[in-house]
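Q: Below are the structure tokens for one structure; questions will follow.
The values are calculated or read from the model by the stated rules, or taken from the named source; none is laboratory data. Everything numeric in this text was worked out from a predicted model, so none of it was measured. Cβ atoms come from the backbone with ideal geometry, glycine included; neighbour counts cover every protein chain shown.
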Amino acid sequence: MFDTGWDAGLDDAQLSAVVHGDGPLVILAGAGTGKTRTLTARVASLLDRGVPAERVLLLTFTRRAADEMVSRAARLCTQPDAGQRLAGGTFHAVAHAVIGRHTEALGLPPAVSVLDRADATDVMDLLRHDHGLDGTDRRFPRAATLVDIYSRAVNTGVPARALIKTDFGWVQPHVDAVMELFRAYVARKRDRGLLDFDDLLLAWRSLLADPVVGPQIAGRWDHVLVDEYQDVNATQVDIVHALRPGGHGLTVVGDDAQAIYGFRGSDHAHLRSLVQELPEVTVVRLERNFRSHQRLLDLANVVRPGAEGEHRITLHSDRREGRPARLVRCHDAPAEARIIVDSVLEAHQKGRRLREQAVLMRAAAHSDLLEVELTARGVPFVKYGGLKFLEAAHVKDFVAAVRLLDNPRDEVAWYRLLRLHDGIGPARARSLLGSLADPELSADLDRHAEAVAAAPAMSRVALAASLSTLADARSRNRIGERARGCLELLRPLLTARYRDWSARLGDLERLVGAADQSPDLAAFVAELTLDPPASTSDLAGPPSQDDDYLVLSTVHSAKGLEWPVVHVLHLVDGSFPSDMALGTPEGVEEEARLFYVALTRAADELNLYAPLRMPHHRHARDDRHSMAPLSRFLDDAALDRVEVVDLTPPRPGADPAGAAARGTRVALPDLADLWA
Ligand code: ATP
Ligand code: MG
């Protein structure tokens with residue numbers, strides 16, 4: 001934590017970045033070298049130099065990171081209310097806010113809704129029906145595939161036609177119909193004020209490129225600071241250049257060895273190109289790591305992927321003492337889960353709080369067995385990444401209702417709400433959209449009556465009630481009251497639909513509470529969509545110091561974070577690296593960067609786990625377990641820097657498949673020794 005002023009405790013290299021003037025600044029640095037802390041201190045120092053807080057924009061990768069940096073910077077500086085005036089957020093959230101002020105210039109209706117992937121798929125689905133492309137030909141791509149192709153084309157800039165030819169050969173016979181659908185998709189979204197994630201960035205970039213509006217938008221900020229720049233995509237690069245032409249007032253921070261969003265069209269080469277493109281750029285390199293001790297960094301340094309030679313970043317720490325990383329070999333995944341819980345509890349007994357430990361995994365599903373084991377043994381945990389709160393159906397229902405308050409043309413939201421009524425299926429819902437989501441007529445009560453009359457008899461009463469509750473909510477002024485109206489609308493529908501309705505309504509109560517704290521309801525749900533909290537507990541802000549729980553997280557969601565003790569599971573080829581990435585060299589490189597991110601989260605202790613056998617492994621025949629090769633990232637150089645601990649049970653005689661293959665539990669060695 002920080003002591004007092006923004007300069008407290010910074011080393012010389014960090015300080016040089018913090019006090020740097022207004023010229024372009026790029027901080028190229030390894031993991032845990034204080035990039036984020038330096039960026040935060042720089043914001044505070046700019047404010048103390050007299051830059052008004054509202055002229056500073058901080059762009060980060062998650063809302064949580066932005067909130068944290070803004071509040072720290074505000075505490076470190078002497079400007080009053082800096083926290084309220086500093087602009088901070090993700091690219092997408094800031095884009096949404098900017099677009100909201102310029103809908104007219106963009107030819108959009110005054111209220112816009114943000115579509116997540118599932119919503120985008122719904123729009124595509126509606127269009128497939130409109131174009132008569134459903135049901136007739138079973139080989140016609142499904143809506144989800146169409147959205148994939150569309151988004152890939154947008155993100156890579158490769159025309160969809162070419163993309164289909166190279167990557168989706170089986171779609172080729174339908175290519176003309178697909179192109180027609182894509183054109184309709186673009187037109188329909190524009191018509192209804194619907195923006196998917198890509199659209200947000202594209203629209204912001206277009207606004208910035210406009211000779212009149214562009215300079216107004218860019219002119220709102222004198223300083224733009226970007227954390228985690230290695231994960232930007234081409235559109236974000238253009239936005240950054242347009243915000244600070246020539247790089248004046250631009251500060252960018254990144255580590256190309258930690259670029260982990262290539263699958264979304266990001267390219268870490270942007271970080272180094274930026275250095276080449278800005279003529280007067282100052283580059284600061286940070287290599288001193290403040291997070292981990294040297295024994296862990298020795299491993300991280302041999303694993304670190306990317307630049308060689310003079311560009312290579314080699315981390316070093318003043319903390320010389322510490323236990324080297326451990327590689328635990330165990331029999332199979334159930335044994336791995338038990339051993340991890342043993343280890344977590346052992347550390348807990350020695351005084352480590354659960355929250356000082358994290359279990360990281362390549363894919364969210366990898367912790368299934370561990371979650372069962374933790375629950376059985378009463379260890380509280382939260383999970384980051386994987387299924388997000390927003391993906392829960394009732395939360396999406398709520399978001400849909402809120403979206404309709406401001407944007408009655410939002411047909412995806414209508415489509416979702418209509419289908420919550422008994423007796424209204426997809427086909428009927430589509431036919432009712434004509435009256436309800438008419439782009440010309442917004443919130444017209446006569447049209448509501450028309451929709452009710454057209455609904456099946458059994459749904460009329462409920463539908464009429466929903467529509468009048470919605471109209472009532474719309475007429476309210478206070479944000480909390482409007483949000484509560486949406487909850488009232490959903491209450492009877494959810495109660496009829498779900499057995500666990502009371503837990504679900506509890507979630508929505510919490511959402512209403514959180515919405516009530518926000519200045520703008522539409523922005524609140526847009527934020528929810530753009531950066532969904534991992535769980536309802538997340539809504540209430542950081543958990544109190546009294547709560548103690550273990551963190552389970554995907555490596556992606558662990559980016560930028562740190563824990564004293566870190567466990568990484570499933571270090572076998574096919575899991576980490578993931579089977580799905582092994583097809584291309586770029587895929588494997590991205591996995592290597594993910595592995596580097598995982599290793600560098602640990603401050604004091606790092607435990608890696610590799611079961612000998614994995615179910616449903618690539619090489620497995622039928623349902624039988626098969627030998628799982630150790631992760632390729634643990635090569636000889638890496639193995640030289642870890643302590644290998646063998647917890648596999650002794651082989652029972654001539655039966656190499658072992659007893660576990662027949663379902664018997666194998667007694668494990670006494671672990672107390674090991675963790676002493
Ligand atoms: P990552 O690459 O994981 O995003 P980072 O480079 O952003 O890491 P920070 O998260 O800013 O690094 O810092 C890592 C840890 O080191 C934090 O606990 C931070 O408080 C600490 N730290 C950074 N600079 C110093 C310093 N000068 N003195 C003491 N501790 C520091
Ligand atoms: Mg960081």
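Q: Looking at this structure, is residue 183 farther than 23 Å from residue 111 by Cα, surrounded by fewer than 17 Cβ atoms within 10 Å (Cβ to Cβ) and over 28 Å from the mean Cα position of the chain (by Cα)?
A: Taking the combined requirement at face value, the residue does not satisfy it.
Q: Out of curiosity, is residue 223 buried (at least 19 other Cβ atoms within 10 Å of the Cβ) and either away from ligand 2 (no atom under 13 Å from the Cβ) or without any contact (Cβ under 8 Å) to a residue 12 or more places away in the chain (or both)?
A: yes
Q: Continuing with the same structure: How many residues are assigned to a strand (DSSP E or B) and at pLDDT 95 or above if we restrict to the stretch 196-232?
A: The number of residues fulfilling the criteria is 4.
Here is a yes/no grid of residues against (1) closer than 27 Å to residue 190 by Cα; (2) modelled with pLDDT of 95 or more; (3) assigned to a helix (DSSP H, G or I):
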| site | (1), (2), (3) |
| --- | --- |
| 438 | yes, no, no |
| 443 | yes, no, no |
| 450 | yes, no, yes |
| 458 | no, no, yes |
| 464 | no, no, yes |
| 468 | no, no, yes |
| 474 | yes, no, yes |
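Q: Further question: In this structure, is residue 83 closer than 24 Å to residue 525 by Cβ, away from ligand 1 (no atom under 16 Å from the Cβ) and over 21 Å from the mean Cα position of the chain (by Cα)?
A: So residue 83 fits the description; yes.
Q: Against the condition modelled with pLDDT under 95 and more than 14 Å from ligand 1 (Cβ to nearest atom), how does residue 63 come out, does it pass?
A: Working: modelled with pLDDT under 95: yes; more than 14 Å from ligand 1 (Cβ to nearest atom): yes.
Considered against the rule, which asks whether it is modelled with pLDDT under 95 and more than 14 Å from ligand 1 (Cβ to nearest atom), residue 63 comes out as yes.
Q: Something else: Given the residues 78, 33, 38, which is the only one that is assigned to a helix (DSSP H, G or I) and in contact (Cβ under 8 Å) with a residue 12 or more places away in the chain?
A: Criteria check complete, one pass: 38.
Q: Looking at (1) surrounded by 21 or more Cβ atoms within 10 Å (Cβ to Cβ); (2) under 16 Å from residue 32 (Cα atoms), which is the one condition that is false for residue 274?
A: Exception for residue 274: condition (2).
Q: Let me ask another. Tell me which residues, restricted to the stretch 12-36, are within 16 Å of ligand 2 (Cβ to nearest atom) and farther than 24 Å from residue 307 by Cα.
A: 18
Q: Which count do you get for residues in the stretch 576-618 that are in contact (Cβ under 8 Å) with a residue 60 or more places away in the chain, farther than 19 Å from residue 295 by Cβ and hydrophobic (A, V, I, L, M, F, W, C)?
A: 6
Q: What number of residues within the stretch 245-271 satisfy the criterion of being farther than 25 Å from residue 601 by Cα and either within 16 Å of ligand 2 (Cβ to nearest atom) or crowded, with 23+ Cβ neighbours inside 10 Å (or both)?
A: 3
Q: Let me ask another. Among the residues of the stretch 40-54, is any within 24 Å of the chain's Cα centre (by Cα), modelled with pLDDT of 95 or more and either surrounded by 17 or more Cβ atoms within 10 Å (Cβ to Cβ) or within 16 Å of ligand 1 (Cβ to nearest atom) (or both)?
A: Taking every residue of the stretch 40-54 in turn, at least one turns out to be within 24 Å of the chain's Cα centre (by Cα), modelled with pLDDT of 95 or more and either surrounded by 17 or more Cβ atoms within 10 Å (Cβ to Cβ) or within 16 Å of ligand 1 (Cβ to nearest atom) (or both).
Q: So which pairs qualify, if the first residue must be in the stretch 345-365 and modelled with pLDDT of 95 or more and crowded, with 19+ Cβ neighbours inside 10 Å, the second must be hydroxyl-bearing (Ser, Thr, Tyr) and assigned to a helix (DSSP H, G or I), the Cβ gap must be under 6 Å, and the two must be at least 6 apart or on different chains?
A: 361/367
Q: Condition (residue is within 16 Å of ligand 1 (Cβ to nearest atom), within 29 Å of the chain's Cα centre (by Cα) and either of a type in the set (Phe, Trp, Tyr) or at positive phi (or both)) applied to the stretch 13-22: is it met by at least one residue?
A: no
Q: Which number in (1) surrounded by 22 or more Cβ atoms within 10 Å (Cβ to Cβ); (2) within 16 Å of ligand 1 (Cβ to nearest atom); (3) at pLDDT 95 or above marks the one condition that residue 37 misses?
A: Unmet for residue 37, out of (1) surrounded by 22 or more Cβ atoms within 10 Å (Cβ to Cβ); (2) within 16 Å of ligand 1 (Cβ to nearest atom); (3) at pLDDT 95 or above: (1).
Q: With (1) surrounded by 16 or more Cβ atoms within 10 Å (Cβ to Cβ); (2) without any contact (Cβ under 8 Å) to a residue 24 or more places away in the chain as the list, and residue 497 as the residue in question, which single condition is left unmet?
A: (2)
Q: Are there any pairs with C-beta distances below 8 angstrom linking a residue in the stretch 390-402 that is over 13 Å from residue 419 (Cα atoms) to a residue that is of a type in the set (Ser, Thr, Tyr), with the two at least 6 apart or on different chains, and if so which?
A: 390/529; 399/529
Q: Also: Based on what the data block shows, is residue 204 touching a residue at least 24 places away in the same chain (Cβ under 8 Å) and crowded, with 19+ Cβ neighbours inside 10 Å?
A: yes
Q: Tell me, yes or no, whether the stretch 167-182 has at least one residue that is in contact with an Asp or Glu (Cβ under 8 Å, 6 or more places away or on another chain), of a type in the set (A, V, I, L, M) and not in a loop (DSSP other than H, G, I, E, B). Quick ask: steps written out before the conclusion?
A: Step one: list which residues in the stretch 167-182 are in contact with an Asp or Glu (Cβ under 8 Å, 6 or more places away or on another chain), which gives 174.
Narrowing the set further to residues that are of a type in the set (A, V, I, L, M) leaves none.
Scanning the stretch 167-182 turns up no residue that is in contact with an Asp or Glu (Cβ under 8 Å, 6 or more places away or on another chain), of a type in the set (A, V, I, L, M) and not in a loop (DSSP other than H, G, I, E, B).
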